1. Tell me which lysines have Cα within less than 23 Å of Lys68's Cα, excluding those fewer than 8 residues away on the same chain?
2. Using the Cα centre as the reference, give the magnitude of the dipole from point charges on the C-beta atoms of the chain (Lys, Arg: +1; Asp, Glu: -1; all else neutral), rounded to the nearest 20 debye.
3. Which shape class applies to region 248-287: rounded if a/c is under 1.5, otherwise prolate when a/b exceeds b/c and oblate if not, where a ≥ b ≥ c are the square roots of the Cα gyration tensor eigenvalues?
4. Could you give the size of the charge dipole of region 1-124 about its Cα centre, using +1 on the Cβ of each K and R and -1 on the Cβ of each D and E, expressed in debye and rounded to the nearest 20?
5. Just going by the charge dipole of region 189-317, with Lys and Arg at +1 and Asp and Glu at -1 on Cβ, which of Thr270, Ile295, Leu314 is farthest out on the positive end?
6. Could you state how much accessible area Leu301 has, in square angstrom rounded to the nearest 10, with a 1.4 Å probe and all protein chains kept in place?
7. Under a plain spin-label model, where a point goes 7 Å from the Cα along Cα-to-Cβ, how far apart in nm are Ala180 and Val93?
8. At each listed q (0.15 Å⁻¹), what is the log10 of I(q)/I(0) that the Debye formula gives for region 264-386 modelled as equal alpha-carbon point scatterers?
Amino acid sequence: MPLALLALAIGAFGIGTTEFVVMGLLPEIANDYGVSIPSAGLLVTGYAIGVVVGAPLMTVLGNRIGRKTMLMALMGLFVVGNLLSALAPTFGVMLAGRIVASLAHGAFFGIGSVVAAGLVAADRKAGAIATMFTGLTVANIVGVPLGTFIGQAVGWRVTFAGVAALGVIGLLGIAKLVPAMPRPEGAHLRRELTAFRNPQVLLAMAMTVLGFGGVFAAITYIAPMMTHTAGYSDGAVTWLLVLFGIGMFLGNLLGGRFADRRLMPMLYVTLGGLAVVLALFTVTAHDKVLAAVTILLIGALGFATVPPLQKRVLDQAHGAPTLASAVNIGAFNLGNALAAWLGGMVISAGFGYTAPNWVGAALAASALLLAFWSAALERRTLTREPEAAATGPVPAATPAPVPVHH
């Protein structure tokens, strides 16, 4: 794999750290600003909304410049947002900093996926995308626990300053290692929008929302589920999330490797397995060891869907993949927000802390049904093309040769 992918992975590591580390620092932030925990939770919600809005917005704004230049600009925006959060005198300024940083998220992964895929041979594209996303998964193993520890020990502002420093390293890495990539010929907004006319692109995005949403239905409420149902201490939740991150790391690598070989069968296995494991989590959540194993499997199966789904969008968007790729990153966050809301609803309705697992299982199963539908539509299209060719215009008959008399 090219070294340029390392620069993209560093950027992804910083983005993944800032996205998730705030969850472990909410009490400290709320206490410093004198706001409630639910109010501090707006830092999570605001970031997710910023990703959904920023993914298409920043991609469109950067449509007239080269992809390397745009990636550097996005990393610069990310650094500014995290510095603003680190220095924020009021909660409102802190929230604004989170939103500024989130605007870079979707477009970075969207454009980065296109760049990563363009750096390698056709049969290694999903693997290249997975290499970039490795930064995001490693962030959950190393960056988030370390950032949480530093924030609790020294102060949360130091954590966000450190994340900004990571962004600077990513920016310099992109400047040094990513080859100059001029704006593709004929790239313009109208052409990029045509990708959304393809039902396969929309189906892939719907699979993204539902499939990864299934993961977050359970993981959003992992702390109360593990402490109240499994019997873990509050401090053990951090290490359970590290276990989840390890699963994400392994799943990402497997997803990238096998998606390059047989993409749709890979989605059938991962989405089907995810639905089963999430359903079983309603039972295994009552046992410490089984709960830990299940969390690892949820991370692995959930993130194994990311490279194939991202590659599916790139493949189906054909000559206009940049905007579609970025919007699909927004779809992951839309799924997270939807699943967290649905999971909260079933808990509020009195069904218990394990109820979100049923929600997750239903979402993953729905994504699996969409995968089957997508494959059926593709087979039908491939069948029609030879038929159309066979029933095309009949060539004019060759006139019979005129007899020659000697």
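The values are calculated or read from the model by the stated rules, or taken from the named source; none is laboratory data. What you are looking at is a predicted structure, and each value in this text was computed from that prediction instead of being measured. Glycine gets a Cβ as well: all are built from the backbone with ideal geometry, and neighbour counts include every protein chain shown. Surface accessibility is based on the protein's heavy atoms, side chains included, excluding ligands, DNA and RNA. Shrake-Rupley method; radii C 1.70, N 1.55, O 1.52, S 1.80 Å.
1. Lys125, Lys176, Lys311
2. Working: 21 positive and 13 negative charges, 170 e Å.
Dipole size: approximately 820 debye.
3. oblate
4. Numbers: 5 positive and 4 negative charges, 90 e Å.
The dipole of region 1-124 has a size of about 440 debye.
5. Leu314
6. 40 Å²
7. A separation of 4.0 nm, rounded to one decimal place.
8. Calculated log10 I(q)/I(0) at the listed q: -0.78.
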